[in-house]
Amino acid sequence: MYGLGVLKGLGITLKHFFRTFSDEVKWSAKGGRYYNDDALAVRQSLKTEGAITVMYPEEKLEAPERFRFVPFLVMDDPATGQKAGKDWCTSCGICAKVCPPQCIWIERGKLPNGRPKPEPLNFYIDIDICMNCGYCAEFCPFDAIKMDHDFEIASYDRSAAHIHDKERLSKPISYWRSIAPGRAADEEQARIEEEEKKKKKKRK
């Protein structure tokens, strides 16, 4: 009423403005308020004072475990001296079928006798079409697809850089454990319990 709301809003803005400078003085002896990991942690907590601006790309917020971006293929950790481990993907094609924008293309491998091989020969994802919905990871019966946290993938070359092939998509299970330790532990526990159930059924 009569502009009081505007004045209150300006008052809050000015309060943050001056607290930003006082906070800068407080952090000056410890390397400054910006480009400082310790100061960034405080700015992103409830103890922050003043502006909470993140100076990207020098400063980056840690992505939560359930953050999802372009999918990647899970493989075993490579043995010593090897570049890649065994693929978890069996090229069943379920991910391609459930993908809403149809951005996944799989070429199944073949055995010497011509029969299908349960692993992909080629696996492509067009990241410009991918909507990051996570359906492929959710419906995969072998936990062979996970959602990555890497969102800095902009490029001027769409034909090569934006169509990810199997080599670029494949990452070891240790990578998944590093970006989502809680979820990876829960999934590992679920796999162990499922294996125990199967063993009990066989004994009966």
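Remarks
- Note on the stretch 28-84: residues that are closer than 26 Å to PHE17 by Cα and surrounded by fewer than 13 Cβ atoms within 10 Å (Cβ to Cβ) amount to 20.
- Against the conditions (1) more than 27 Å from GLU59 (Cα to Cα); (2) surrounded by 15 or more Cβ atoms within 10 Å (Cβ to Cβ), TYR175 satisfies every one except (1).
- Number of positions in the stretch 61-78 that are hydrophobic (A, V, I, L, M, F, W, C) and part of a loop (DSSP other than H, G, I, E, B): 5
- Near pairs, Cβ below 8 angstrom, 6+ apart or cross-chain, from the stretch 1-30 (over 17 Å from GLU49 (Cα atoms)) to any residue that is part of a helix (DSSP H, G or I): none
- When the stretch 109-141 is filtered for residues that are assigned to a loop (DSSP other than H, G, I, E, B) and in contact with a Phe, Trp or Tyr (Cβ under 8 Å, 6 or more places away or on another chain), only ASN132 remains.
- Condition met for GLU58 (in a loop (DSSP other than H, G, I, E, B), in contact with a helix residue (DSSP H, G or I) (Cβ under 7 Å, 6 or more places away or on another chain), over 30 Å from ASP126 (Cβ atoms) and touching a residue at least 12 places away in the same chain (Cβ under 8 Å)): no
- Among residues of the stretch 183-198 that are closer than 23 Å to ALA63 by Cβ, those with a beta-carbon under 6 Å from a residue that is assigned to a helix (DSSP H, G or I) at least six positions away or on a different chain give the pairs ALA184/TRP176; ALA184/ARG177.
- Any hit, the stretch 79-93, residues being in the same structural domain as ASP128 (by TED's automatic domain parsing), in contact (Cβ under 8 Å) with a residue 12 or more places away in the chain and not in a loop (DSSP other than H, G, I, E, B): yes
The values are calculated or read from the model by the stated rules, or taken from the named source; none is laboratory data. Please read all numbers here as calculations on a predicted model, not as lab measurements. Don't worry about glycine lacking a Cβ; one is built from the backbone with ideal geometry, like all the others, and counts go over all protein chains shown.
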